[in-house]
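Okay, structure first, notes after.
Each value in this text was obtained by applying a stated rule to the coordinates, not by laboratory testing. Note that this is a predicted model, so its numbers are computed, not measured. Ideal geometry is used to build each Cβ from the backbone, glycine not excepted, and the neighbour counts take in all protein chains shown.
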Amino acid sequence: MVKFKSNSRLSSIKNLVILAQTDTTVGFASLNYKKLANIKSRPTSKPFIKIYDSFSACDIRIPHTKRNFVRRSKQTTFIIKDQAFRINPHAKNSQIQRDLTFYYSTSANEKDKKFNREFCESKADIIIEDKYGLNENSSSTLLKINNKKTLRVRWVN
C-alpha cells in the first residue's frame with residue numbers, strides 16, 4: 001500500500017521523502033539528502049548512506065581485492081574513504097523504489113530516539129507499506145574497508 005500526502009503527480013520525485021521498510025529496518029529514503037538532514041536535525045556536511053539497486057550502478061570506487069566481498073554481502077553497509085553505501089538488489093516494495101538506481105537513506109526515527117510512527121508519517125511525503133507493516137529491526141552491519149584491511153564498526157547478529 002502506498003500513501004501520498006498530495007494528490008499531484010510524481011513529477012518531482014527528487015524532492016520527496018519516502019518512508020518504507022528496508023531490508024534491515026524502517027527507513028527514510030530520498031534523492032534529496034538536505035531534506036533528510038532537516039528531518040534528522042543533523043548537519044548537511046555529515047554524509048548519508050547511499051543505497052544502490054545493483055553493483056554495476058555503484059559509482060564508488062571499490063578496491064579490486066574487496067569487490068567480490070562487497071558484491072556477495074547481505075545487509076551490510078560499507079565505508080570507503082568516508083562514503084557509506086550499500087548494495088540492495090532485492091525486490092523492493094514499490095515501483096517508485098524500483099525505478100531509482102540509488103537513493104540516500106537513514107533510519108526512520110528522531111535523533112537518539114526509537115521508531116515513532118506518528119513522527120515518521122508526519123515527515124514523509126510517501127509511505128510505502130506492505131502486508132507486514134513497518135517494523136523496527138536491527139540495523140545493518142557496518143564495515144570500513146580499504147585495500148589492506150576490513151574494520152568492523154558496527155556488528156549486528
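Annotations
- In this structure, the pairs whose alpha-carbon distance is over 32 Å, taken from K34/K148; K40/K131; K114/K148; K111/K131; K123/K148, are K34/K148; K114/K148; K123/K148.
- A Cβ-based charge dipole, computed about the Cα centre of region 2-154 with Lys and Arg at +1 and Asp and Glu at -1, lands at about 720 debye.
- Helix-only [θ]222 nm of the chain, DSSP H runs n ≥ 4, -39500 (n - 2.57) each, per residue, nearest 500: -3500 deg cm²/dmol
- Here the chain has an Rg and Dmax of 15.6, 51 Å, counting Cα atoms alone.
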